[in-house]
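Beneath this line is the structure, given in C-alpha cells, with notes to follow.
The values are calculated or read from the model by the stated rules, or taken from the named source; none is laboratory data. Here the structure is a predicted model, which means the values were calculated and not measured. Quick reminder, even Gly has a Cβ in these numbers, built from the backbone with ideal geometry, and neighbours come from all protein chains shown.
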Amino acid sequence: MQVGFSPNGAEVYVSLRDENKLAVIDTKSRKVTSRIAVGAGPIQVHATPDKRLVLVANQGTEAVPGDTVSVIDAASRTVVKTIRTGPEAHGIAVDDQGRLAFVTNVHADSLSVVDLWTLDVLATVPVGDGPNGVTYSR
C-alpha cells in the first residue's frame, strides 16, 4: 500500500494492492469516498498538478509482473486509459506542468516517459538495475 495526495490536499489516494483497487479518502471526513478498479498489484500513486488525472503504477506480482499504468480522471473517478509501460511498473513522478509522467519499470531496468495529453508512451530509456522510485525536479 502506498499513498498520494491531491494537489490541494483534499483527497488521499491509497493503492489497495491485494484488491487491485485505488481508494479515495476525503481528508476532512476521513471517509473512503470511492474504490476504483485498476490493474494488478497497484503500487505508487501520483496526481497531476492541475488535479485532472491520477496515475497508478500496476506492479503486478513477482510471478506475474504488471506492466501498466492506470490513468484515472480525477473528477469522474473512472479509468480513462491503461498504458503499457514495462515489466513491474513501480515508481511514478509528474513534471510540474502536468505534461509528462515518468514511470520506472523494475524488471526492464528502464524509465518510460508518458505524454499526459495524448496518454501515449513517448520513449522508454534504459537506466540502472532495478529502478524503483523516481522524483522530478526542475
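Structure notes:
- Considering the stretch 4-23, the residues that are of a type in the set (D, E, K, R) and under 24 Å from residue 134 (Cα atoms) include one that is surrounded by the fewest Cβ atoms within 10 Å (Cβ to Cβ), namely 18.
- Subset of the stretch 24-71 [of a type in the set (A, V, I, L, M), under 20 Å from residue 132 (Cα atoms) and in a strand (DSSP E or B)]: 43, 45, 47, 54, 55, 56, 57, 69, 71
- Filter result for residue 76 (assigned to a loop (DSSP other than H, G, I, E, B), modelled with pLDDT of 95 or more and out of contact with any Ser or Thr (no Cβ under 8 Å at 6 or more places or on another chain)): yes
- Residue match in the stretch 95-111 (condition: touching a residue at least 60 places away in the same chain (Cβ under 8 Å), in contact with a Lys or Arg (Cβ under 8 Å, 6 or more places away or on another chain), surrounded by 14 or more Cβ atoms within 10 Å (Cβ to Cβ) and on the phi < 0 side of the Ramachandran plot): no
- The one condition in (1) buried (at least 17 other Cβ atoms within 10 Å of the Cβ); (2) over 20 Å from residue 4 (Cα atoms); (3) under 14 Å from the mean Cα position of the chain (by Cα) that residue 84 fails to fulfil: (1)
- In the stretch 104-117, the residues that are of a type outside the set (A, V, I, L, M) and under 14 Å from residue 55 (Cα atoms): 104, 112, 115, 117
- Check on residue 134, touching a Ser or Thr at 6+ places or on another chain (Cβ under 9 Å) and at pLDDT 95 or above: no
- For the stretch 112-133, filtering for residues that are surrounded by fewer than 19 Cβ atoms within 10 Å (Cβ to Cβ), under 13 Å from the mean Cα position of the chain (by Cα) and of a type in the set (Val, Ile, Thr) leaves 1.
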